[in-house]
Amino acid sequence: MNEYDSNRIYDLTATIGFNKTNIKKEADCFVINTCHIREKATEKVYDEIGRVKKDFKYSKKPIIIVSGCVAQAESDEMIKREPYIDMVIGPQSYHKIGDLILKYERKKEKVNETEFDVVEKFDTLQKIPNSRNKVSSYITIQEGCDKFCHFCVVPYTRGPEYSRPFEQIIDEAKNLIDKGAKEIILLGQNVNAYNYNKKYKLSSLIRSLNNIKNLERIRFTTSHPKDMSDDLIDCYRDCEKLMPVLHLPIQSGSNKILKSMNRKHDREYYMSIIEKLKKINKNIKISSDFIIGYPGETVKDFKDTIEIVEKVGFINSYSFIFSPRPGTPAAEKKLNNLIENEKRLIKLQNILENFQHENNKKYLQKKCEVLIENKLEKQAKYFGRTQHMTPVIFEANNCRIGELANVKITSFNQKNLFGIYTVNNINAA
Ligand code: SF4
């Protein structure tokens, strides 16, 4: 979502005459768009500002703007701690960035803009075309969260759940497709909670996009198990452009820990969704997120997680040791032993890597459908992704960015598949 926001921030600043530069020392304004999910996010912002300060020690100070979730969470504190910062702008206020810069240039007064103006934000963004022209393009359709998992800052930094108007999203998609997008990735903190006017759901959006002629692929992320409704599951049967992979975070396989996390689902419910999905689409694969060493996680709880991992056979998953986020209920809890947590994480990651390895191995010597996203610099090689999102690097003399190519896979490593472009018919792995 930050990538989407960063592009839109650029579109907004372009309206007041700003351009991007790749030469750092040429810049007269820096926007540091931040994410608060990972540990030490705040410190990374100060480190980055330290580097800018050093670069501009003997030249005119640029305008420094911190935007995104760290700006929302830390607000005035940032300006107090680092007077080099001129503005903090929250993720629901960035549509005002152009006016704020102009005002700052006139008055030279520090700005703290961290209101939740999400409706106004998308109304403003609608009027400014999305300049992104990538083969695979993001569209934010939903923001915020009402779930309040005990470890997560999103409900505090992005605010309550909000769904953009249906037509606004379809228009943005058509605009991106006209500019060459072949894949649309619908984004939201709780993307499958999308519900506009109690009439349009995520399934309505997918079905509409599925009918757009020049679009090849549809994906969405990130989903909450509780919002995996049957109408959405049915899209995996009916919509051929919806890619057969779902990122569905479970976080833990232990019902005790899920309850303590306030996840609002248990392992049985999660498994019932996986079963429905696998029944409806035999080709579907699932990826997930895991938090290891959540306060109170015992050996038995961890075993429950391993058991569910082995049952589902997840691919492309993310796993981290629990780290407290200030202001969340979980931050008040007693931490587990770090050495034990590390041992558990290694064990889990070995199992996940093994599934990934076995999954990649299945492609070997087979042809698979790859959407070509770009060409590697100075090489006769291209980059793209399979239907299941696995990166593919392949040799080809001349092919088209945006083409759905047949690639014969000849080798693989943990993360990537490698192959050769072929013109024969698709026989996807
Ligand atoms: S559902 Fe997702 S975004 Fe919402 S609180 Fe839980 S982890 Fe955070």
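What follows draws every value from the coordinates through simple rules; no lab data is involved. Fair warning: this is a prediction, and the values are worked out from it, not measured in the lab. When we count neighbours, we look across all protein chains shown, and the Cβ atoms used for this are built from the backbone with ideal geometry, even at glycine.
Here are some notes:
- Least to most buried among Val153, Val423 (fewest other Cβ within 10 Å first): Val423, Val153
- Packing-based exposure ordering (other Cβ within 10 Å, fewest first) of Leu100, Leu202: Leu100, Leu202
- Every pair of different Cα atoms in segment 289-429 enters the Kirkwood calculation, which places the hydrodynamic radius at 17.3 Å.
- Dividing the convex hull volume of the alpha-carbon atoms in the chain by its residue count gives 157 Å³ per residue.
- Dipole magnitude (debye, nearest 20) for segment 230-301, charges at Cβ of Lys, Arg, Asp, Glu: 160 debye
- Counting Lys and Arg as +1 and Asp and Glu as -1 over every other residue whose Cβ lies under 13 Å from the Cβ of Asn214, the net charge comes to +2.
- Fraction of antiparallel bridges per DSSP, segment 194-340 only, in percent to nearest 5: 20 percent
- Within straight-line cross-link reach of Lys103, aspartates and glutamates at Cα separation under 18 Å, skipping those fewer than 8 residues along the same chain: Asp28, Asp86, Glu113, Glu115
- For segment 221-379, the equivalent ellipsoid derived from the Cα gyration tensor has semi-axes of 30, 21, 15 Å, listed largest first.
- About its Cα centre, the chain has a charge dipole of approximately 860 debye under the convention of +1 per Lys or Arg Cβ and -1 per Asp or Glu Cβ, with nothing else charged.
- Charge tally in the Cβ shell below 13 Å around Glu113, where Lys, Arg are +1 and Asp, Glu are -1, Glu113 excluded: -3
- Segment 140-276 - share of DSSP beta bridges that are antiparallel (%, nearest 5): 35 percent
- Footprinting exposure proxy ranking of His224, His357, fewest other C-beta atoms within 10 angstrom first, gives His357, His224.
- Greater than 29 Å apart at Cα, pairs in Lys96/Lys134; Lys96/Lys375; Lys61/Lys96; Lys24/Lys378; Lys61/Lys179; Lys201/Lys276: Lys96/Lys375; Lys61/Lys179
- Near-label residues of segment 182-207 by backbone N, under 16 Å of a point 7 Å along Cα→Cβ of Asn133: 182-183
- Among Val118, Pro225, Asn398 - extreme Cα towards positive end, dipole of the chain, charges at beta-carbon: Asn398
- Residue among His95, Asn133, Cys235 farthest towards the positive dipole end of the chain, charges placed on Cβ: Asn133
- Taking every alpha-carbon pair within segment 36-98, the share separated by more than 18 Å comes to 35 percent.
- Förster radius 51 Å - calculated FRET efficiency between Asn262 and Glu377 (Cβ-Cβ, nearest 0.05): 0.65
- Antiparallel DSSP beta bridges within the chain, percent to nearest 5: 40 percent
- Each Lys and Arg contributes +1 and each Asp and Glu -1, all at the Cβ; summed about the Cα centre of segment 129-173, the dipole is approximately 220 debye.
- Dividing the convex hull volume of the alpha carbon atoms of segment 179-228 by its residue count gives 85 Å³ per residue.
- Cβ-based net charge around Ala27, under 10 Å, with every Lys or Arg adding one and every Asp or Glu removing one: 0
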